[in-house]
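The values are calculated or read from the model by the stated rules, or taken from the named source; none is laboratory data. The shown structure was predicted, so the numbers you read here are calculated from the model rather than taken from an experiment. Positions of Cβ are generated from backbone atoms using ideal geometry, with glycine treated the same way; all protein chains shown enter the neighbour counts. Just so you know, the surface numbers come from the protein's heavy atoms only, side chains and all, with ligands and any DNA or RNA stripped out. Shrake-Rupley method; radii C 1.70, N 1.55, O 1.52, S 1.80 Å.
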Amino acid sequence: QAVLGNISQGLRALDEAVASYNPDLDHVRDFAIGNDPGVIMRSVSGLLLWMEGSLDRSLERSEDAISLATRLNHPYSMAYAYFHNSLLHLWRREHALVVERARSAIEIAEKFDYQVWKAVGTCLHGAALAHMGKLDEGLPQVVNGLQLYHGLNTPPIFWPILLLIQAEVLGIAGEPGQGLAAIDEATGILGVDPK
């Protein structure tokens, strides 16, 4: 619902779901792939709370997702939570925290061979480095992460956000034309008319 334009309504639904979630019953810990529903709800609502302007609550909810995934000792959910938390910190311009959290996602991904989390974590890690003045190190990581993600046999749900991250880093690199092309591709995928 929130994706369709009603963030407040979507957040209400997520708040109800979080309140009714029982970590002893509602989990996927027995599966190697797949996220715990409580981690998903907390991660997504953290991003939506930021979009709504509830900055402190968004961070709290995102941190709760990491805590829950860690308590459940479910690596796939941990990588998921760290990725979404690092994305939130990127939006908040807290680049040192992006580096830290994206690195955590990458380490889990490499240990358990979770290619999607390795790809998206690498993009975020590179973007944060570029923002911190380490463009020569950061831009190749963004490019590498995009290549990793593009080569996966997975739904391209993260492709638009990765393109927008690439565009921002290309802007830092003084390549606005290439950045605008990435934005055009992202908005085309999302069905948004930039005009």
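Just a few scattered comments:
- Heavy-atom SASA rank of 51, 41 (probe 1.4 Å, accessible area, largest first): 51, 41
- The alpha carbon convex hull volume per residue for the chain rounds to 119 Å³.
- Length released on extending from residue 175 to residue 161, taking residue separation times 0.36 nm less the Cα-Cα span: 3.2 nm
- Carbon and sulfur %, accessible surface of the chain computed with the full protein complex present, 1.4 Å: 54 percent
- The stretch 59-137: C-alpha gyration tensor shape, a/c 1.5 cut-off, then a/b vs b/c: oblate
- Most to least packed among 134-142, 62-70 [average Cβ atoms within 10 Å]: 62-70, 134-142
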